[in-house]
Amino acid sequence: MPDFKAKDEVYVVSLKKLGTIAEKRREEYDVFVGGLKVRCRKEDLKPRAELSRELLKTLSRIAKPVAGSAKSPASDQLKIDLHGMRVEDAMRQIEKTLDRALMDGVARVEVVHGIGAGKIRAALHQYLKELPTVASFRLDEQNAGVTWVYF
């Protein structure tokens with residue numbers, strides 16, 4: 001099994017995604033997959049050069065949906081509704097949704113948090129400010145109970 005170095009392109013078997021080695025850490029590797037950095041064992045990685053042409057074609061189609069195709073709307077945007085949740089539960093759901101969006105190459109996420117006392121919105125906005133993978137976020141101009149998150 002080859003030893004990987006920074007900037008090597010790899011296939012992460014468990015995620016079924018292509019990534020780039022960020023750095024080696026003892027027996028594990030930090031790998032950039034989309035906008036995320038994940039820690040992987042050597043056994044979970046394959047050099048890109050060892051992948052078949054068919055698998056590479058499939059991966060490129062999944063990563064870059066064709067505009068106007070049936071899959072495009074689902075790949076372009078996600079929506080999560082946090083109504084009725086406590087702040088802690090809402091933040092766990094946000095984290096999962098944003099991770100999924102990044103892994104799937106989604107461009108934006110619509111977060112419906114409602115207006116209420118504003119606790120979820122405040123926690124969400126504070127969290128989004130700290131995420132390097134979030135390019136920007138804003139309240140919906142016509143509905144203050146919705147925040148749009150952009151990658």
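Would you please put 123-134, 13-24 in order of how densely packed they are, using the mean number of other Cβ atoms within 10 angstrom per residue and starting with the highest?
13-24, 123-134
So the label point goes 7 Å from the Cα of D140 along Cα→C-beta, right? Which residues of the range 100-118 then have their backbone N under 18 Å from it?
Inside the label zone: 107-118.
Quick one: pull the percentage of alpha-carbon pairs in the range 71-151 with a separation above 15 Å.
That tail contains 52 percent of the Cα-Cα pairs.
At a Förster radius of 22 Å, what calculated FRET efficiency corresponds to the Cβ-Cβ distance of R92 and L15, to the nearest 0.05? List each step's numbers first, then the result.
Values: r = 20 Å, r/R0 = 0.93.
According to the calculation, E is roughly 0.60.
Ignoring ligands, DNA and RNA, what percent of the 1.4 Å accessible area of the chain is carbon and sulfur? Display every interim value, and only then the final one.
Values: 4890 of 9810 Å².
Of all accessible area on the chain, carbon and sulfur atoms account for 50 percent.
For the chain, what D do you get in µm² per second when you plug the Kirkwood radius from alpha-carbon pairs into Stokes-Einstein at 4 °C and 1.567 mPa s? Before the final figure, lay out the partial values.
On the way: Rh = 17.2 Å.
For the chosen part, D equals 76 µm²/s.
Any chance you could list the semi-axes, whole Å, largest first, of the equivalent ellipsoid that the Cα gyration tensor gives for the range 14-54, using √(5λ)?
Rounded to whole Å, the semi-axes are 18, 12, 8.
In a Gaussian network model over the chain where Cα atoms closer than 10 Å are linked, find which of A117, A135, A49 has the largest mean-square fluctuation.
Among A117, A135, A49, the largest GNM mean-square fluctuation belongs to A117.
The values are calculated or read from the model by the stated rules, or taken from the named source; none is laboratory data. Computed from a predicted model, the values in this text were never measured in an experiment. Reconstructed Cβ throughout: ideal geometry from the backbone, glycine too, with neighbour counts over all protein chains shown. Side chains are part of the model used for accessible areas, which takes the heavy atoms of the whole protein and leaves out ligands, DNA and RNA. Shrake-Rupley method; radii C 1.70, N 1.55, O 1.52, S 1.80 Å.
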